[in-house]
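Right, one structure below, let's go through it.
A short reminder: the numbers here are calculations on the coordinates, not readings from a lab. Remember, it's a predicted structure, so these values are computed and weren't measured experimentally. Neighbour counts run over all protein chains shown; Cβ positions are idealised from the backbone, glycine included.
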Amino acid sequence: MSLTGYVTITRPVNAAAAGLAAIVAYLIATGTITTAALLLFAVVTLVTAAGNVINDYFDVEIDRVNRPDRPIPAGLVSLPAARAYAVTLFLAGILVCLFTNELCIAIAVISSLLLIGYAACLKRTPLLGNITVSYLAASMFLFGGALGGLPGLLHVMPFAVMTFFAMLARELVKDAEDVEGDRASGAATLPIRYGIRATLFLALFSALLGVVASLGPYLWWGFWYIYGILPVDGIILFACIKVVRSTTPEEVKTTGASTLLKAGMFASLVIFTLSALFL
């Protein structure tokens, strides 16, 4: 076991990015940033880190095939230590959340339970697992908006919807990449059950829905927002169009679609932030 393993297993960059997304959501919902936003960052970062750890705990056999460099299969973190670490992070996140409000607490508890359920069993359920993790990504915006009360929660809905569908597209593409490892572990993912092509067409449809949702904030941010979000939408659609003809996991990986979708989602967060600050 090593300190590096304990840091790496949380995917700290992803966890911190999730925390920043919650702050952006709060900025969008309220038009301001207060010290309370630091609570959002702490809660989302801790819960996301816990989810990453528990996911690696349950996915150890899959990772031995797909990602042998991950901390548990690489021997940097033991299974019992990973389980205890995940529980500690979940509890820390919920404890910090007690200083927010009832809406935030409800979202944090539900998200924590879904993270555990996803890692334990839902991930191996065709489409339902993909929908779960997509909701969890969208919940970062719901959580940030909820600190502004019900009006804040409603105001961030377009961003949550866009994030949900963009993440669903990426999850489907990742499943198409990971067919070999998932099949070896006995998982019945969508591409294993219905084929890679069908899964990739569904990813493209999901991306289209995300693009449509991304246009909603035009109603209050105007054309400058559209000028910023359209190139991002282009990246997301290009990734899904580029990969849709792939028929094998190797071809899916070669397109780099998963990386492009991740870049598009990050770019959308930048556009949301700049729009909230200046428009």
Rg and Dmax of the stretch 1-71, Cα atoms only, in Å: 15.0, 46
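Under 8 Å for C-alpha pairs, at least 6 residues apart: give me the relative contact order for the chain, rounded to a whole percent. Before the final figure, lay out the partial values.
Working: 438 pairs, mean separation 53.9, N = 279.
RCO, the chain: 19 percent.
Normalising by the residue count of the stretch 156-279, find the relative contact order in percent from Cα pairs under 8 Å and 6+ residues apart. Mind showing how you got there, number by number?
Details: 145 pairs, mean separation 39.3, N = 124.
Value for the stretch 156-279: 32 percent.
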Hz values of 3J(HN,Hα) by residue in the stretch 60-75 - Karplus curve (6.51, -1.76, 1.60), Gly and Pro given as x: 4, 5, 5, 5, 4, 9, 7, 9, x, 7, 4, x, 6, x, 7, x
Three principal axis lengths of the stretch 81-179 [C-alpha, angstrom, descending]: 42, 38, 15
Modelled FRET efficiency - R0 30 Å, residue 259 with residue 209, Cβ distances, 0.05 increments: 0.90
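State the percent of C-alpha pairs, over all pairs in the chain, separated by a distance greater than 25 angstrom. Walk me through the numbers before you get to the answer.
Details: 18042 of 38781 pairs.
Of the Cα pairs, 47 percent sit more than 25 Å apart.
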Principal axes of the stretch 1-151: Cα extent on each, largest first, Å: 46, 35, 21
Pairwise label distance in nanometres, residue 38 with residue 194, each label 7 Å out on the Cα-Cβ vector: 4.7 nm
Sorted largest first, extent of the stretch 137-206 alpha carbons per principal axis (Å): 45, 24, 14
Relative contact order (%) - the stretch 1-151, alpha-carbon pairs under 8 angstrom, separation at least six: 34 percent
FRET efficiency estimate (nearest 0.05) - Cβ-Cβ, residue 61 to residue 218, R0 35 angstrom: 0.15
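Relative to the compact-globule scaling 2.2 N^0.38 Å, provide the ratio for the alpha-carbon radius of gyration of the stretch 156-279. Write down the numbers at each step before the final one.
Working: Rg = 15.5 Å, N = 124, 2.2 N^0.38 = 13.7 Å.
Against the empirical 2.2 N^0.38 Å value, I get 1.13 for the stretch 156-279.
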Residues of type aspartates and glutamates that residue 174 reaches as a straight line, Cα spacing below 14 Å, ignoring anything fewer than 8 places off in the same chain: 63, 182, 250, 251
Residues 140, 265, 157, sorted so that the one with the fewest Cβ neighbours within 10 Å comes first: 157, 265, 140
